[in-house]
Every structure is written in structure tokens, then in C-alpha cells.
Amino acid sequence: MSSVLFFSCDNTLDLKPEDSLTPTVVFSNETLANGALNGMYSACQPSNVLSGSYDAATEYQTDNVKFVGSFPTFNEIFNYITLSDNTSTSAFWIAHYSAILQANGLIKNIPNVPSLPTDAFTAAEKASIIGQAKFIRALLYLRLSANFGHQLQQNLKEANLSVPLVLEPFEGTIEYVKRNTLKEVHEQIEKDLLDAVRTIAPNSTDRTKATVASAKALLARLYLYQEKWSQAADYSNQVINTTGFTLATNYTFYNTLSPELIFTLQNVAGDASTAESYSNLFNGINVNGRGDCPFSDNLKALFASEVGDLRFSAALTRTGTNAVSIPDLFTTKYPNAATRTDDPPVIRISEMFLIRAESNLRGGLTVGGVLPVADVNRTRVRAGLAPLTAVTLTVILNERRKEFCFEGLRRMDLLRNNLPLRSAGLANTAESAPGADKTIYPIPQRERDINTNLEQNKGY
């Protein structure tokens with residue numbers, strides 16, 4: 001059995017999941033097992049996982065956000081001077097692995113839950129829970145591998161050191177793990193997602209749980225990152241053609257269970273309020289936010305280059321007061337600053353159309369029987385823009401930027417295309433070059449103090 005040491009802020013061992021019930025009790029019947037499943041989803045709700053600061057930090061490194069906040073650790077990320085003892089990046093690591101450990105517990109223990117005569121727990125129901133846990137594990141490893149190691153397009157390519165693969169729950173035995181290569185991590189992600197597609201209950205459209213559609217959508221994203229154009233086009237096309245998921249007609253789908261959303265989590269008051277949520281970071285101080293993350297001038301210029309884009313109108317923006325008490329422009333994708341209850345738009349159907357467009361373009365394919373321009377026009381026309389007659393890769397990347405700004409996809413879009421995270425004329429252009437040391441996070445120093453097998457990233 002392997003596990004990994006995680007340290008919390010109080011300098012004591014944090015071996016999660018923490019629960020007063022032993023695994024023997026938790027997995028003694030179907031009701032408690034389903035409670036453990038809900039616990040796994042709850043472990044994904046904190047802002048250091050899916051609800052804010054982790055994805056916001058990726059935006060700080062790019063050209064989307066003008067970070068004006070006072071957090072020293074966030075300023076380090078924004079200014080490309082991150083240190084190995086940065087407590088924010090350490091918190092990202094700990095929170096993701098804590099949720100992974102919960103998924104691991106389900107994967108290992110669900111097969112042994114007894115089926116009671118009065119409450120039959122079928123093999124198919126067990127397999128569906130395991131599939132959901134594998135989806136979550138895959139999602140979190142894809143996120144960790146994107147930020148704590150270089151990508152396939154840089155440096156050592158698939159031999160780049162990534163994050164340790166921890167595939168067992170913690171049950172008392174500690175192994176001081178080493179980092180796996182990006183190839184190994186991607187192979188595990190693919191395996192988990194293919195298992196999820198095969199085992200999750202079919203036909204579910206519960207957007208707050210892993211579904212066959214969300215597993216296929218994440219496979220499409222993985223294959224896009226790997227430049228496997230045929231597979232990316234195929235899986236995105238399968239999701240597009242899945243009943244229950246459709247492109248919304250306007251932008252009122254945020255913080256709802258709209259068919260636009262393939263996977264999200266529903267936050268209620270208290271869920272994400274203990275840290276820096278989307279709601280807190282992306283709102284002005286005049287509406288109870290921190291005012292940290294207004295639009296960058298570079299992003300405003302992109303939107304202004306084509307007049308009439310509804311994504312740059314009152315539909316999705318508002319003027320507020322930033323963290324240094326200056327009027328600035330903010331997104332309204334996460335408007336609930338007072339309660340911090342905005343839901344993370346983890347995967348949307350819009351992404352599938354743009355993955356299919358890019359994959360068809362770059363692969364010379366016609367998967368779905370449509371041209372790339374037709375898929376790009378779907379999001380453009382919704383935004384009130386005139387349809388195009390042809391597209392280039394640059395057009396697709398700009399459309400992705402405008403559609404998904406402040407949702408955490410921009411950084412990987414740049415790195416997987418070997419583009420700097422900051423374009424010419426912006427601060428830290430050299431430091432943001434693909435493969436540069438500070439484009440990725442350090443392996444947390446406190447982890448390495450305990451586990452010397454964890455090799456540090458260059459530059460830290």
C-alpha cells in the first residue's frame with residue numbers, strides 16, 4: 001500500500017480523509033457507502049480544489065487577469081517569483097490529494113460492501129460508484145499534472161516529472177513515494193476514464209455527479225492536451241450527441257443546472273466560504289468581494305477588437321471597485337460574493353464544440369460531419385457576433401479565450417500550443433515562456449522535508 005504525507009497549516013500530520021468511522025463501518029452497507037460517495041464530492045468543493053483559488057491562480061499566470069490583490073502567495077504566482085514554501089500552492093496540493101484519497105477509499109472498499117436481503121446493493125450500482133470515483137481521481141490528477149510539472153510540448157516531453165500517483169487509500173502504512181512521469185500520469189488518467197465510461201450508470205444527466213458524458217468529455221480534454229486529434233474529436237463528438245446536454249441560448253446558465261453544463265458542483269452557503277472562492281476573488285470590494293481579479297487590459301483589448309460581443313457586455317461584466325480602491329471591470333460569472341455560493345463550471349458543452357473544431361482542423365478531419373468553422377460559429381453567434389466563413393488555429397484559441405476566460409482553461413491552452421503565458425509587451429514575458437521554470441509550481445517544500453524522494457522542480 002502506498003500513501004503520501006500531507007501537512008496542514010498547524011504543522012501536524014494531516015492524513016485525510018478524516019472520519020470518526022472506520023472503513024469497516026463506513027462500507028458496511030449501501031447507505032453509508034453512498035454517504036462516503038457524497039463525501040468525496042464534498043472534498044472537491046473547497047476553493048483549493050474546484051471552487052476558485054486553484055483555477056484563479058492559473059489565470060494569474062496568463063494574460064486574462066490583472067491581479068491587484070494583497071495576498072503575498074498569489075502575488076508570487078502572478079509575478080513569476082513563486083518560492084518552494086508558497087503556502088497557496090502547497091494548499092492546492094494537499095486539497096487535491098485529500099480528495100484523491102477519498103476516491104481511492106471508494107475504489108478499494110465498495111466491492112466488499114455487503115448486499116442486505118432488505119436492501120440489495122447490486123454489482124452494477126457498486127460499479128457505478130467506483131466509476132464515479134475514478135472520474136474524480138482522473139480529473140484531479142489531470143489538474144495536478146497541469147500545474148506541478150511541464151507538459152508534453154516542453155522540455156523532456158512525456159518524460160517530464162509530474163506528480164506521484166497515489167492509488168490506494170491511507171490505512172496506516174506510509175510509503176515515501178516518488179514522482180511519476182507525465183506519461184505514467186496520463187496513462188492512469190486515461191485508464192480511469194475509460195473504466196468510468198464503461199461502469200458508470202448509463203443515461204444519467206445529473207450534472208453534479210460524474211456521468212458517462214462527463215468521463216467522455218474529460219477524455220476529449222485529455223486527448224486534446226496530448227494532440228491525439230482523432231480521439232479528441234471522437235469523444236467530444238460523442239458528448240455533443242448525448243441527450244441532455246445542449247448549448248444554452250444565452251449566459252444565464254452559470255450557477256444553474258442548465259444542459260450547457262456537463263459537470264459542476266452546487267455550492268450552498270458555507271461550502272466554499274473558508275477560503276478564496278471564485279465568488280470572493282472575482283468580485284469588487286463594493287459587492288463584498290476581494291477585488292483581486294479584474295479583467296487584464298490585454299483581454300479587454302481582445303474583446304474590443306470585435307464590437308458587439310455579448311461576453312463583454314452587461315450580460316457577463318460589471319464595473320466594480322478593485323482591491324486598491326480603483327474602478328475596474330469584473331466578470332459576473334461568479335456574482336455571489338456575499339455568500340460565496342457560486343458553482344464551478346468544470347466542464348461545459350461549449351468546450352466540446354471547440355475541442356471538436358480544433359481537433360478536426362489540426363487533424364484534417366471531419367468528425368461529426370461538420371467543418372471546424374461551423375462549431376466555432378456556435379459560440380460566436382450566441383455571443384452576438386457574425387458567423388465566420390473559415391477559421392485558423394489562432395481564431396479557435398481566441399474564441400476559447402473569450403468563451404472560457406476566468407474558468408481556468410487559458411493556461412493549458414497556451415502551454416499545449418507552445419505559446420508564452422504572457423504575450424509580448426506584458427510583464428514577465430520571458431519568465432512565462434513555455435518550459436520556463438516558474439510556469440509550473442514547486443513541489444511543496446514541507447512535503448519534501450518529510451519525503452526526500454520527491455524531486456524538486458528546476459528553479460526552486
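The values are calculated or read from the model by the stated rules, or taken from the named source; none is laboratory data. Please read these numbers as outputs of a predicted model, since none were measured by experiment. Here the Cβ is made from the backbone with ideal geometry for all residues, glycine too, and neighbour counts use every protein chain on show. Just the protein is used for accessible areas: all its heavy atoms, side chains included, with ligands, DNA and RNA removed. Shrake-Rupley method; radii C 1.70, N 1.55, O 1.52, S 1.80 Å.
General remarks:
- Filtered by the rule that a residue be in a helix (DSSP H, G or I) and open to solvent by less than 40 Å² (accessible area, probe 1.4 Å), segment 361-373 gives Gly363, Val367, Pro372, Val373.
- Selected residue (only one of Ala390, Ala430 is over 30 Å from Ser47 (Cα atoms), free of Cβ contacts under 8 Å to residues at least 24 places away in the same chain and in a loop (DSSP other than H, G, I, E, B)): Ala390
- Residue match in segment 311-322 (condition: part of a helix (DSSP H, G or I) and modelled with pLDDT of 95 or more): yes
- Candidates are the residues of segment 196-230 that are buried (at least 19 other Cβ atoms within 10 Å of the Cβ) and more than 20 Å from the chain's Cα centre (by Cα); the one that is farthest from Leu50 (Cα to Cα) is Trp229.
- Of the criteria (1) touching an Asp or Glu at 6+ places or on another chain (Cβ under 9 Å); (2) more than 16 Å from Trp229 (Cα to Cα); (3) among the aliphatic types (A, V, I, L, M), which one Val395 fails: (1)
- Residue in segment 36-45 that is assigned to a helix (DSSP H, G or I), open to solvent by 40 Å² or more (accessible area, probe 1.4 Å) and modelled with pLDDT of 90 or more present: yes
- Residue in segment 402-414 that is of a type outside the set (Lys, Arg) and surrounded by fewer than 16 Cβ atoms within 10 Å (Cβ to Cβ) present: no
- Among the numbered conditions (1) under 22 Å from Ile94 (Cβ atoms); (2) touching a Leu at 6+ places or on another chain (Cβ under 7 Å), the only one that Leu152 does not meet is (1).
- Exactly one residue out of Thr264, Thr317, Thr339 is open to solvent by 60 Å² or more (accessible area, probe 1.4 Å) and polar (S, T, N, Q), and it is Thr339.
- Set Asn453, Asn417: member being open to solvent by less than 50 Å² (accessible area, probe 1.4 Å), polar (S, T, N, Q) and in a loop (DSSP other than H, G, I, E, B): Asn417
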